[in-house]
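> Dropping the structure in here first, questions after.
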Amino acid sequence: MLSLLPKANVTRVYAASVLLLALAFIMAESYILYLTKNGYHMASSNQWQIQGVHEAVTSSITTYMVYNVLFILAQVYIIFLCVEALAHQNTIQIIAVVVFYFVCQVYTATRYISFYVLPSISARIFTRDSNMQMMQIGVMTMYAVALV
């Protein structure tokens with residue numbers, strides 16, 4: 001991978017920072033996915049036994065989990081986008097990486113709001129999980145740092 005990149009130190013630092021950020025996001029989002037799955041299983045065993053509510057919550061939690069997996073896959077894609085942008089010295093692609101981080105920041109803020117500020121019925125299972133809340137805040141903070 002390093003042989004594809006230009007020899008400039010700034011280029012290598014940028015590639016290393018994108019790689020480290022992607023790995024940090026993948027680990028954090030994987031843990032959030034794990035917490036989502038465990039929180040749902042714990043809540044479904046003792047709550048929402050009403051058929052319509054249980055189906056709605058199951059559908060909503062499945063959607064959250066799919067979004068987390070897509071978020072993880074997007075981080076893998078961003079590594080390839082960064083390497084290609086640097087190898088071809090394409091400024092537009094480098095700007096696209098920054099825009100991507102901004103869009104991810106907006107998504108994580110929206111997710112935090114939907115889980116903790118204005119929770120839906122299905123998101124209420126996370127309101128008492130301080131570990132999940134800290135992870136959500138941590139991911140938002142990492143994206144803010146990535147934008148700087």
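The values are calculated or read from the model by the stated rules, or taken from the named source; none is laboratory data. Note that this is a predicted model, so its numbers are computed, not measured. Cβ coordinates were reconstructed from backbone atoms using ideal geometry, including for glycine residues, and neighbour counts include every protein chain displayed. In case anyone asks, the SASA skips ligands and DNA or RNA and just uses the protein heavy atoms, side chains included. Shrake-Rupley method; radii C 1.70, N 1.55, O 1.52, S 1.80 Å.
> Search the range 1-17 for residues that are within 16 Å of T91 (Cα to Cα) and pair each with any residue that is at pLDDT 60 or above and open to solvent by 100 Å² or more (accessible area, probe 1.4 Å) when their beta-carbon atoms are under 7 Å apart and the residues are at least 6 apart or on different chains.
Every condition considered, the pairs that remain are P6/Q89.
> Go through the range 59-74 and give me each residue that's of a type in the set (A, V, I, L, M) and at pLDDT below 80. It would help to see each step written out before you state the result.
Residues of the range 59-74 that are of a type in the set (A, V, I, L, M), as a first pass: 61, 65-66, 69-70, 72-74.
I61, the sole residue that qualifies.
> Could you please let me know if I79 is hydrophobic (A, V, I, L, M, F, W, C) and either open to solvent by less than 40 Å² (accessible area, probe 1.4 Å) or at pLDDT below 85 (or both)?
yes
> Give all pairs with beta carbons closer than 8 Å in which a residue from the range 77-99 that is under 17 Å from R12 (Cβ atoms) and of a type in the set (A, V, I, L, M) meets a residue that is open to solvent by less than 20 Å² (accessible area, probe 1.4 Å) and part of a loop (DSSP other than H, G, I, E, B); count only pairs at least 6 apart in sequence or on separate chains.
Close Cβ pairs satisfying both conditions: V83/L5; L86/L5; A87/L5.
> Separate question: Whether any residue in the range 11-33 is modelled with pLDDT under 85, farther than 19 Å from F100 by Cβ and touching a His at 6+ places or on another chain (Cβ under 9 Å) is what I want to check.
The answer is no, given that none of the residues of the range 11-33 is modelled with pLDDT under 85, farther than 19 Å from F100 by Cβ and touching a His at 6+ places or on another chain (Cβ under 9 Å).
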